1. Within the stretch 40-59, does at least one residue satisfy the condition of being polar (S, T, N, Q) and surrounded by 12 or more Cβ atoms within 10 Å (Cβ to Cβ)?
2. Which one is farthest from Val11 (Cα to Cα), of the residues in the stretch 21-66 that are among the acidic types (Asp, Glu) and in a helix (DSSP H, G or I)?
3. From the residues in the stretch 1-39 that are surrounded by 11 or more Cβ atoms within 10 Å (Cβ to Cβ) and of a type in the set (A, V, I, L, M), which one is farthest from the chain's Cα centre (by Cα)?
4. In the stretch 26-48, is there at least one residue being hydrophobic (A, V, I, L, M, F, W, C), closer than 17 Å to Leu67 by Cβ and touching a helix residue (DSSP H, G or I) at 6+ places or on another chain (Cβ under 7 Å)?
Amino acid sequence: MIEEAYCKFQVMSEDETNRMLYEARLKARRNEFSRLQGALRERDVEIAQALKVLGDPVEKIAKVTGLSPDEIAAL
């Protein structure tokens, strides 16, 4: 399976147009991943702020959100 994928990659990379299309798709995927990571981080910060207002302990907020205690204290 790996060999087949490698052969397809070699054929694709020989053609300039296909290579450019591949790189454009790869860049779009990376950008989308980065955008989603940013949205998840923003959601975690919002949850942490809400839990902090409710008076939950920093340790619990850190467990729920994955943020560090220092990040939570800075909110």
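Any read-out appearing in this document is the output of simple, stated calculations on the displayed coordinates, not a laboratory observation. Please read all numbers here as calculations on a predicted model, not as lab measurements. Virtual Cβ from ideal backbone geometry, glycine too; neighbours counted across all protein chains shown.
1. Of the residues in the stretch 40-59, the ones polar (S, T, N, Q) are 49.
Checking which are surrounded by 12 or more Cβ atoms within 10 Å (Cβ to Cβ) leaves us with 49.
Yes, that holds for at least one residue.
2. Initial filter on the stretch 21-66 (among the acidic types (Asp, Glu)): 23, 32, 42, 44, 46, 56, 59.
Next, from what is left, pick out any that are in a helix (DSSP H, G or I): 23, 32, 42, 44, 46, 59.
Values: Glu23: 15, Glu32: 27, Glu42: 41, Asp44: 43, Glu46: 47, Glu59: 53 Å.
Here the answer is Glu59.
3. Met12
4. We begin by selecting, within the stretch 26-48, every residue hydrophobic (A, V, I, L, M, F, W, C); these are 26, 28, 33, 36, 39-40, 45, 47-48.
Then drop every residue that is not closer than 17 Å to Leu67 by Cβ, which leaves 39-40, 45, 47-48.
The next check asks that each one be touching a helix residue (DSSP H, G or I) at 6+ places or on another chain (Cβ under 7 Å); those that pass are 47-48.
Yes, the stretch 26-48 contains a residue that is hydrophobic (A, V, I, L, M, F, W, C), closer than 17 Å to Leu67 by Cβ and touching a helix residue (DSSP H, G or I) at 6+ places or on another chain (Cβ under 7 Å).
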